[in-house]
Amino acid sequence: MVRAAYAVFSMAAAFWLAAFWPAAPAQAQTAVQQRAERTDELFNWYYASIFGTGFYRIGEQQVAALRVPLRYELRPASAERWGIRLTLPVTAAFAPFDLRDFNLGQVKTQGLTVLPGIELEIPLRQDWWLRPYANLGGGWEFHSGASSTIFSLGATTLHTRPLGEASRLALGGKLGYAGYSAGSEASQLVQLSLGTEVAVPAGFAIAERAALVVIQLTGSVYFKELEFLLPSTGTMQVSRELELGVALGVQRPFEVLGVTFDRIGLAYRAGDNGLRGVRVVASFPF
C-alpha cells in the first residue's frame with residue numbers, strides 16, 4: 001500500500017516537473033524579447049543627451065555618444081547686469097545590447113537628441129557665478145521612428161580663485177531636475193553634483209595662450225534614481241557616480257562655430273550597479 005502510494009506520488013511529481021519546469025526559462029525569454037522590442041524606451045534619453053562625447057556601459061547596454069554643445073551669447077555678463085545665453089546641445093547616440101545569451105543576438109538603437117534652452121549668468125562676486133538654466137527638447141530613435149520629450153532645469157554655481165601666480169582652483173555645484181517621456185516609459189530625477197579642479201602651468205603655450213595641466217573631480221548623487229531599462233533584467237537604478245578627469249587646458253578659451261572649450265582631455269566615470277564610462281573633457285561642467 002505504501003509502495004503503491006509512493007509510486008503514484010513519484011509519477012505525479014515527474015509529470016508536474018516535465019509539464020511546468022521548462023516554462024520558467026521560456027517565460028524569461030519572452031519577457032526579454034518583449035523588452036528588447038521596445039527600442040524607443042531602451043535609451044535613458046536624458047542621460048545620453050548630457051553624458052557628453054564618449055562611451056558608457058551598464059548591464060548589457062553600451063552607448064557611444066557624440067555631443068556638440070552649441071550656444072549663442074545674447075548679452076555678456078558684467079558687474080552691473082546679468083548675462084543671457086541661448087544653448088542648443090545636440091547629441092547623436094548609438095546603443096547595442098548584447099543579448100546572445102538569450103539567442104537574440106544584438107539589438108541596436110540609434111538616436112538623436114536636441115535640447116534648446118536658455119541660461120542666465122548672474123555674478124555674485126568677481127570670482128563667483130550663478131547660472132540658472134532651462135531646456136526643453138526631444139529625441140528621435142531612427143530604427144523604430146519613435147520619439148521622446150526631454151526636459152531639464154536647475155542651476156549651477158562656480159567659484160574660482162588663484163593659487164599663486166599662474167595656478168587656479170575652482171569649486172562648482174549643480175542642482176537639477178530633469179526627465180524624459182518615451183512611449184510608456186517615463187523617468188524623472190533630481191541631481192546634486194559637486195566638483196573641484198586644480199589647474200597648474202604646463203610650461204609652454206598653445207596659440208599664444210599659456211598652457212595648463214588640469215585635474216578635475218566631480219561627484220553626483222541622484223535623489224530620484226537614474227533609471228535604465230535593460231532587456232535582460234528590467235529597470236536598473238543608479239543613485240551615485242564619481243568622475244576623475246585629466247586634461248591639457250589654456251588660460252583663455254577657444255571658440256569654434258559656437259562651441260567654446262578651454263581644455264581637451266579624458267575622464268573616467270564610475271557609478272553603482274556597474275555603470276562605467278569614458279568621455280572627452282572640454283570644460284569644467286559647472
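Each value in this text was obtained by applying a stated rule to the coordinates, not by laboratory testing. Note that the structure is predicted; figures quoted are calculated from it, not measured. Cβ coordinates were reconstructed from backbone atoms using ideal geometry, including for glycine residues, and neighbour counts include every protein chain displayed.
Computed from label points 7 Å out along Cα-Cβ, the spacing between Arg57 and Glu165 is 4.7 nm.
Fewest neighbouring Cβ atoms within 10 Å first, the residues His143, His159 line up as His143, His159. Of the GluC sites (Glu not before Pro) found in region 133-198, the ones in coil according to DSSP and having at most 15 other Cβ atoms within 10 Å of their Cβ are Glu165. From the alpha carbon centroid of region 211-256 to that of region 54-74 is 10 Å.
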